[in-house]
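Data first, discussion second: the structure below is written as structure tokens.
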Amino acid sequence: MNTEIRTTARLTGAALRALLVLTLVCGVIYPLLITGVAQALFNDKANGSEIEKDGKTVGSSLYGQTYDLPKKNPDDPEEAPRPDPKWFQPRPSAAGTNSVNTQYSILLSGASNLAADSKVLKDAVVERRQAYAELNGVKESQVPVDALTASASGIDPHISPENAELQAARVAKANGLRGAAVEKLVKDHTQGRIAGFIGDPRVNVLELNIALQDLVRN
């Protein structure tokens, strides 16, 4: 009996010591080490790839946001957002449709999970095509795919160069700028494929709008 008690006590003690050591190594030392390395070598990415403007954080290069006109009735939660014609607009977002937040002001990210033959999706695409064409003064046949479909994450910060180029004329007119100047802005902020072959060329909307703001000021 005494032998059994001593064995149980010894195993219990060993288990507690292992728990303490593993907690210290995995729960304290390792996280601190990784955090330190990330802050030292990848400070910008480790802190969320924040973008600052005039000394203030205006967003993240990884996170899309909206550029809408002020609501006519701020107290009406049902009022549809109206895109501000002075800014380049992001692609649609389906994120947050299962919560109280939508269109980039969200608690969660994700896609709509609607099937390709979904009537809801088809109706949404038709509505988006009409709205885009009307806003930018182009034919519906010219509307790029990324202006019609939401990304898988729902917070995609990029649009295609074609999307940005089609918006350039509207943005230039709304801000009283030369079209060529805004078109050059788009070209200057078009990023190529990662490593030359991964993904597609893209334009970060927040970075483009910050550059646009500087152009308007000058």
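Every read-out reported here was derived from the displayed coordinates using simple, explicitly stated rules and does not represent laboratory data. Since the model is a prediction, treat every value here as computed from it, not as a measurement. For neighbour counting, all protein chains shown are included, and Cβ atoms are generated from backbone atoms with ideal geometry for every residue, glycine included.
For the chain, the equivalent ellipsoid derived from the Cα gyration tensor has semi-axes of 48, 23, 17 Å, listed largest first.
Taking a straight line from the alpha carbon of Lys122, these aspartates and glutamates sit under 18 Å away, with near neighbours fewer than eight places off in the same chain left out: Glu140, Asp146.
In the structure shown, do any of Lys72/Lys184; Lys86/Lys119; Lys86/Lys139; Lys71/Lys119 have a Cα-Cα gap over 22 Å, and if so which? Can you show the working numbers first?
Working: Lys72/Lys184 34 Å; Lys86/Lys119 32 Å; Lys86/Lys139 20 Å; Lys71/Lys119 29 Å.
Among Lys72/Lys184; Lys86/Lys119; Lys86/Lys139; Lys71/Lys119, the Cα-Cα distance tops 22 Å for Lys72/Lys184; Lys86/Lys119; Lys71/Lys119.
Between Ser153 and Ala15, the simple spin-label model (points 7 angstrom out along Cα→Cβ) gives 4.3 nm.
Extents of region 146-218, taken as max minus min of Cα coordinates on every principal axis and listed largest first, are 35, 25, 18 Å.
Full extension of the chain between Asp188 and Glu162 yields a length gain of 8.0 nm, computed as 0.36 nm times the residue separation minus the alpha carbon distance. Under the simplified labelling scheme, the Glu127-Gln142 pair shows an inter-label distance of 2.5 nm, with each label point 7 Å from Cα along Cα→Cβ.
In which sequence would Phe197, Phe88 go, from the one with the fewest C-beta neighbours within 10 Å to the one with the most? Least crowded to most crowded, the residues run Phe197, Phe88.
Of the three principal axes defined by the Cα atoms of region 135-180, the extents in descending order read 35, 23, 16 Å.
Taking amide H as placed 1.01 Å from N in the peptide plane, the amide H of Lys53 sits under 5 Å from that of Val58, each at least 5 places away or on another chain. Near Asp68, the amide H atoms lying under 5 Å from its own belong to Asp84; only residues 5 or more places off or on other chains count, and H is placed 1.01 Å from N.
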